[in-house]
Amino acid sequence: MAIEYLKRGKSDADRAEDDAKTRAVVEATLKDIETRGDAAVRELSEKFDNYSPASFRLSQDEIDNLIAQLSDRELADIKFAQEQVMNFARAQRASMTDIEVETLPGVILGHKNIPVQSVGCYVPGGKFPMVASAHMSVATASVAGVPRIIACTPPFQGKPNPAVIAAMHLGGAHEIYVMGGIQAIGAMALGTETIDPVHMLVGPGNAFVAEAKRQLFGRVGIDLFAGPTETMVIADETVDAEICATDLLGQAEHGYNSPAVLVTNSRKLAEETLSEIDRLLGILPTADTARVSWQDYGEVILCDSYDEMLQVADEIASEHVQVMTDRDDWFLDNMTCYGALFLGPRTNVSNGDKVIGTNHTLPTKKAGRYTGGLWVGKFLKTHSYQKILTDEAATLIGEYGSRLCLLEGFVGHAEQCNVRVRRYGGINVPYGAPAPYRDAAE
């Protein structure tokens, strides 16, 4: 194999050092929020967002006034995008059915899909107002039937962003707070004097938001680790450098630490894409951000074959994977580790980010190896139940259970079975003894 890096990003050691600094800041901040509650949240908001309203929670009048600032076209566009997301979420929800089966005569097993009872949705918005993130979390939780949905977003240019607030409200948020970063995550998960804690946190964010969710996991549930955006372009000579460079920089503009990777089997395409990126960085209005991401986290990887491209792609396990080759469906059939696939040059990551209907909250930092992205099923807990309807079934299961419990040395467990064998089967099993063996066919 001959995998060649024409451009590398930061080393793993440098990235680990950055992560360690982030961990320390988040740990101290969460401890402060847990100790001092609202006072800590207000100080953090003043420090990082220069924002300190009378109440961080928006009233209904404030929500209505913000929505009224949008044009009819802006409101219609938000509603269109939200409906695409909700339509797909409804189809996904319909695929998740409750079941009940009779596995043996008189033995009933089943499961129910029950919504998480309270969810905190984080919608990024300090640098760019992430309107679409409200659809992905709030609207999807609403389709799942979550009875309490709270949403937090930072102020944008010193005040609530009308479009983000509209998307949250239309999506079904029951409480809307204007706060960002670690303070929002901590307040939702830990609770304060004025905010009741939630059972689960969802939504993307910067490295500090992702780390806060990681540290709080266990006290609350989380959707997944969705940190700074990542994008990968898998391409061959069926496409050109302009489309590859555009797709890479389109995600690099998110922040200063957004990995963007080109994987190709064409040296010509690789070199032309590097040149095209330099050209686009000269005219892209967000180049100040995208240039830093590309310099520190951009990579171009040249492979000999499609099999090597597949191997590299699965190893990196990128959040977004744009596939533009002469065998896109082959990658769909064979890739196993990624957040979401965007197949063919007619689609792109921005479709998924903003409007097409799939969820854009996706796994980063190789989490695609063990989880997919946020979807309606993340808001549902699948709980099993069992019941035994006949004396015969109680006796049969009890006999097996008695012997298997004692095989492991659990006498108390065995007695839970034995008392049923005695009561419903009329079989005298001494205390702590295994139930006698009877052939199930008898």
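The values are calculated or read from the model by the stated rules, or taken from the named source; none is laboratory data. What you are looking at is a predicted structure, and each value in this text was computed from that prediction instead of being measured. Cβ placement follows ideal geometry from the backbone for every residue including glycine, while neighbour counts extend to all protein chains displayed. Surface accessibility is based on the protein's heavy atoms, side chains included, excluding ligands, DNA and RNA. Shrake-Rupley method; radii C 1.70, N 1.55, O 1.52, S 1.80 Å.
For the stretch 14-117, what does the alpha-carbon gyration tensor say about shape, rounded, prolate or oblate, given a ≥ b ≥ c as the root eigenvalues, a/c under 1.5 as rounded, and a/b over b/c as prolate? Oblate, since a/c reaches 1.5 and b/c is not below a/b.
Projecting the Cα atoms of A91, P160, A81 onto the dipole axis of the stretch 72-178, where Lys and Arg carry +1 and Asp and Glu carry -1 at the beta carbon, places P160 farthest toward the positive end.
When the accessible area of the stretch 228-364 is split by element with a 1.4 Å probe, what percent falls to carbon and sulfur? After summing per-atom areas, the C and S share lands at 48 percent.
Rounded to two decimals, the Cα-based Rg/Rh of the stretch 204-298, with Kirkwood Rh, is 1.10.
Dividing the Cα radius of gyration of the stretch 149-246 by 2.2 N^0.38 Å, with N the residue count, gives 1.37. Distance distribution note for the stretch 250-317: the fraction of Cα pairs above 16 angstrom is 50%. As a calculated quantity, the FRET efficiency between D196 and S52 at R0 = 35 Å, using C-beta atoms, amounts to about 0.95. From the coordinates of this entry, Rg/Rh (Cα atoms, Kirkwood Rh) is computed, and it appears in (1) 1.08; (2) 1.00; (3) 0.95 under the label (1). Using the Cβ-Cβ distance between E4 and T336 with R0 = 30 Å, the FRET efficiency computed as 1/(1 + (r/R0)^6) comes to roughly 0.80.
Taking the Cα centre of the chain as origin, sum charge times position over the Cβ atoms of Lys and Arg (+1) and Asp and Glu (-1), and report the length of that vector in debye to the nearest 20. Walk me through the numbers before you get to the answer.
Working: 40 positive and 60 negative charges, 303 e Å.
Using Cβ point charges on Lys, Arg, Asp and Glu, the chain gives about 1460 debye.
Placing dummy labels 7 Å off each Cα toward the beta-carbon, the span from D38 to D12 is 4.8 nm.
When you count the other C-beta atoms within 10 angstrom of each residue and take the mean per peptide, 391-401, 148-158, 103-113, 2-12 line up highest first as 148-158, 391-401, 103-113, 2-12. The equivalent ellipsoid of the stretch 373-442 has semi-axes of 32, 15, 11 Å, largest first, where each one is the square root of 5 times an eigenvalue of the Cα gyration tensor. For the chain, the solvent-accessible area of protein heavy atoms averages 47 Å² per residue (probe radius 1.4 Å; ligands and nucleic acids excluded). Restricting the calculation to Cα atoms, the stretch 82-146 yields a radius of gyration followed by a Dmax of 17.1, 61 Å. Taking the Cα centre of the stretch 186-271 as the origin and placing charges on Cβ (Lys, Arg +1; Asp, Glu -1), which of V202, V220, L269 is farthest toward the positive end of the dipole? Of the candidates, V220 comes out farthest on the positive side. Centre-to-centre separation between the Cα atoms of the stretch 1-18 and those of the stretch 362-432: 48 Å.
Just want the answer: with Cβ charges of +1 for Lys and Arg and -1 for Asp and Glu, which residue in T29, P53, H111 is farthest toward the dipole's positive end in the stretch 1-131? It is T29, whose Cα lies furthest towards the positive end.
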